[in-house]
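Here's the structure we're looking at; comments come further down.
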Amino acid sequence: MTRQTIQTDKAPAAVGTYSQAVKVGNTVYISGQIGLDPATMTLKEGFKAQAEQVFANIKAICTAAGGSIDDVVKFNVSLTDLNDFAALNEIFVAQLNEPYPARAAVQVAALPKGGVVEIESILYLES
């Protein structure tokens, strides 16, 4: 098995013992992203701003891996408040093209740095 670490300065640096993403074969596993601005490493204010920053971070990592957001096949979403679910759906529609990837969304008690949304992604790259 060949494993390649993916790293870009266009997404926040890891705040723990993990890589931004790891590529194994044609599959890229992107670590959970929160709404941190990569330039300042500060959290955006509010759900919408954080979710949009999360997508910007994921897109940057997809590009660094040699793909795009359209190559994502699965999203795992953690929200601190499921009342943000409708707003989440609106942001997904604005950020993605059909057919949409698979997705899970769960409510959690807390997220790193006080974030309100975290999204991890799996993308598949054609050979």
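The table for this structure:
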| read-out | value |
| --- | --- |
| Label-to-label distance, nm, for residues given as V93 and M1 (7 Å Cα→Cβ offset) | 3.9 |
| Paired Rg and Dmax values of the stretch 25-73, which use every Cα atom, in angstrom | 11.5, 37 |
| Kirkwood Rh (inverse of mean 1/r, distinct Cα pairs), the chain, angstrom | 14.6 |
| Estimated dipole of the chain in Debye, rounded to 20 [Cβ of Lys and Arg +1, of Asp and Glu -1, Cα centre] | 340 |
| Degrees separating the helix 85-95 axis from the principal Cα axis of the chain, which is the longest one | 40 |
| Expected 222 nm ellipticity per residue - DSSP helices of 4 or more, -39500 (n - 2.57), all of the chain, to 500 | -7500 deg cm²/dmol |
| Probe 1.4 Å, protein heavy atoms only - accessible area per residue of the stretch 61-127 in square angstrom | 54 |
| Residue-count net charge about V106 - beta-carbon cut-off 15 Å; Lys, Arg +1, Asp, Glu -1 | -2 |
| Net charge of neighbours whose Cβ lies under 10 Å from the Cβ of K48, counting Lys and Arg as +1 and Asp and Glu as -1 | -3 |
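The values are calculated or read from the model by the stated rules, or taken from the named source; none is laboratory data. Remember, predicted model here, so these are calculated numbers, not experimental data. Reconstructed Cβ throughout: ideal geometry from the backbone, glycine too, with neighbour counts over all protein chains shown. Note: areas computed on protein heavy atoms with side chains; ligands, DNA, RNA excluded. Shrake-Rupley method; radii C 1.70, N 1.55, O 1.52, S 1.80 Å.
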